[in-house]
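Everything below concerns the one structure shown next.
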Amino acid sequence: MAVHDSKKVIYVALGGNALIAAAKFIAAWFTGSSAMLSEGVHSLVDTGNQFLLLHGIKQSTKPPTPGHPFGFGLRLYFWAFVVAILIFGLGAGISIYEGIQKIQCPHPIDNAWISYTVLTLGLLFEGAVWIVALRAFRIEKGDRGWFEAIRRSEDPTVFTVLFEDSAALLGLFTALIGIYLSQALELPVLDGVASVIIGLILASTAAFLAYECQSLLTGEGVSQTVRESIHAIAARGSGVERVNELLTMHFGPRDVLVTLSLDFIDRLSAENVEMTVSNIERVIKSAHPEVTRVFVEAQSFEAHRRNAALTASTAKSGMTP
């Protein structure tokens, strides 16, 4: 997915969350609802998160420097990870705290119709944003299943917004049910329970996003399908006898590094090796536009195996107390 498509999703979420956050805080002020206050904090945190994602996108597009020769693409993953921490620390933490306070000191909700009105409008706004994020993610996932697409997505901005808004919709429904039951059953404590549940929803969302982002941040490779394709392209290279090793790493959603160790036929001239390497790089980039760098090492299989064994032995001895 192009950068401008990701920005579109974020801008839509930013505008929607900012309006909803203001409305929720006003409603919480007039009604004294703990669940409504939690929802206001939730939307405020989501609004701040959109700014952080936009900042991450901007940082990730900075050109390479001598200090960062592979560019700054990983900064997008870093800021997405920060977003997950904020959802957990601020959104979930404050919601659970407010809920516990309301459970300990329950009091009736005033002017509940304000809460119902704001929550209904919130469902409409959040639902619209959710649909935009869902459509964008459908384009990204292609023919893959939903779970596989989430696990293999290299663009954290889209699935972060999608999961934020999914959590927002669940939170809104929880707040509605909590406020209604607290009035219908004359049990104000249920308003606090709803706030705690909202906090747990946010905590679960944050934990999932953090897990997905840390995988990208710590050097996730391409999918097995893409890896097999690159391996096949390299193996078909003229004069290539064996693919010793293939390593890949995402530096961004559309920035992949590929390194290859190839064993060439002994009688192949240096000029032919250079031509083969150039052809392999061209075909790989043509088949997989997300690949921006291809480094090829010409090495015999035996030499590669000896070096790999030496590296493993050195690593093992270094870990020995």
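The values are calculated or read from the model by the stated rules, or taken from the named source; none is laboratory data. Small disclaimer: the values here were computed from a predicted structure and weren't measured. Cβ placement follows ideal geometry from the backbone for every residue including glycine, while neighbour counts extend to all protein chains displayed.
Name the residue that is farthest from LEU181 (Cα to Cα), counting only residues in region 118-129 that are in contact (Cβ under 8 Å) with a residue 60 or more places away in the chain and among the β-branched types (Val, Ile, Thr). Walk me through how you get there before you give the answer.
Here is the first cut: in region 118-129, the residues in contact (Cβ under 8 Å) with a residue 60 or more places away in the chain are 118-119, 121-122, 125-126, 128-129.
So of that shortlist, the ones also among the β-branched types (Val, Ile, Thr) come out as 118, 129.
Values: VAL118: 17, VAL129: 28 Å.
Filtering first and then ranking leaves VAL129.
Does region 191-200 contain at least one residue that is over 17 Å from GLY91 (Cβ atoms), among the acidic types (Asp, Glu) and in the same structural domain as GLY171 (by TED's automatic domain parsing)? Checking region 191-200: at least one residue is over 17 Å from GLY91 (Cβ atoms), among the acidic types (Asp, Glu) and in the same structural domain as GLY171 (by TED's automatic domain parsing). Considering every residue within region 31-45, establish whether at least one is closer than 25 Å to PRO188 by Cβ, surrounded by fewer than 21 Cβ atoms within 10 Å (Cβ to Cβ) and of a type outside the set (A, V, I, L, M). Checked against the condition, which is being closer than 25 Å to PRO188 by Cβ, surrounded by fewer than 21 Cβ atoms within 10 Å (Cβ to Cβ) and of a type outside the set (A, V, I, L, M), region 31-45 yields at least one hit.
Hey, could you check region 209-230 for residues that are in a helix (DSSP H, G or I) and modelled with pLDDT of 85 or more and say which is surrounded by the most Cβ atoms within 10 Å (Cβ to Cβ)? Please lay out each step first, then the result.
Filtering region 209-230 for residues in a helix (DSSP H, G or I) gives 209-217, 224-230.
Right, trim to modelled with pLDDT of 85 or more and you get 210, 224-230.
On the way: ALA210: 19, GLN224: 9, THR225: 10, VAL226: 19, ARG227: 15, GLU228: 12, SER229: 15, ILE230: 24.
Result: ILE230.
Restricting attention to region 25-39, the residues that are in contact with a helix residue (DSSP H, G or I) (Cβ under 6 Å, 6 or more places away or on another chain) and either not in a helix (DSSP H, G or I) or not aliphatic (A, V, I, L, M) (or both) total 7. Selection within region 109-127: residues that are in contact with a Gly (Cβ under 7 Å, 6 or more places away or on another chain) and modelled with pLDDT of 80 or more. The member of this set that is surrounded by the most Cβ atoms within 10 Å (Cβ to Cβ) is GLU126. Just so you know, in region 70-108 the residues that are within 24 Å of the chain's Cα centre (by Cα) and not in a helix (DSSP H, G or I) include one that is surrounded by the most Cβ atoms within 10 Å (Cβ to Cβ), and it is GLY73. Within region 238-270, the set of residues being buried (at least 22 other Cβ atoms within 10 Å of the Cβ) and either out of contact with any strand residue (DSSP E or B) (no Cβ under 7 Å at 6 or more places or on another chain) or in the same structural domain as SER60 (by TED's automatic domain parsing) (or both) comprises GLY252, PRO253. Any residue in region 42-50 that is farther than 30 Å from GLU220 by Cβ, assigned to a helix (DSSP H, G or I) and touching a Phe, Trp or Tyr at 6+ places or on another chain (Cβ under 9 Å)? Checking region 42-50: at least one residue is farther than 30 Å from GLU220 by Cβ, assigned to a helix (DSSP H, G or I) and touching a Phe, Trp or Tyr at 6+ places or on another chain (Cβ under 9 Å).
Candidates are the residues of region 46-69 that are of a type in the set (Val, Ile, Thr) and surrounded by fewer than 17 Cβ atoms within 10 Å (Cβ to Cβ); the one that is farthest from the chain's Cα centre (by Cα) is THR65. Of all the residues in region 151-173, those that are modelled with pLDDT of 85 or more and surrounded by fewer than 24 Cβ atoms within 10 Å (Cβ to Cβ) number 4. Residues in region 240-251 that are touching a Lys or Arg at 6+ places or on another chain (Cβ under 9 Å) and touching a residue at least 24 places away in the same chain (Cβ under 8 Å): ASN244, THR248, PHE251.
Taking the condition surrounded by 21 or more Cβ atoms within 10 Å (Cβ to Cβ) and either in contact with a Phe, Trp or Tyr (Cβ under 6 Å, 6 or more places away or on another chain) or in a helix (DSSP H, G or I) (or both), does ALA22 pass? Criteria not met by ALA22.
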